[in-house]
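So the structure is just underneath, and the comments pick up after that.
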Amino acid sequence: MRRDMRSHLPLALTLCAALAAASSHAQDRRYAYEAELAAAATRSSARAGGVDWSCTGTRCTAEARGGAVSVRGCSELARAVGPVTRYASELRQLGEKELAECDQVAAAAAPAVAATPAKAPAAKAAPGRAVTPELTYTGVWPGGREAGAKQ
């Protein structure tokens, strides 16, 4: 019985190596992605969902590994170039509910980005001095007593 197992070992190792190579090749495959927009793209290129997109008119295309599509990737593209009406790869396309969620997430994120206040310019320190943020004293310290309270 041991002799039979040893004779099959090279065959088993060869099969494992072949399966590993096939799996590796499948992961390296690049898939075509396509998105249709509700209106002409606001930009000609964008990076969204980990994919570099190229847009012309209402059509955006890309090529990347994996072939997966997600609401997150769709919403990132929608934030970058405008509302999406179709989002697909060679393997799968988002359904109506997912597309509605995609545009809803993108629309919800857009005002938050626009409402973010601009940062004030950083203060410049005199040579040899450090700049620290301004502190506001509230009148109570960790001991819980008010400033100026008599003991």
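Just so it is clear, none of the values below were taken in a lab; they were calculated from the coordinates. These figures come from a predicted structure and were not determined experimentally. Using ideal geometry, Cβ is built from the backbone for each residue, glycine included, and neighbour counts are taken over all protein chains shown.
Rounded to two decimals, the Cα-based Rg/Rh of the stretch 28-112, with Kirkwood Rh, is 0.93.
A simple spin-label model places the labels of L91 and R59 2.4 nm from each other, with each point 7 Å out along Cα-to-Cβ.
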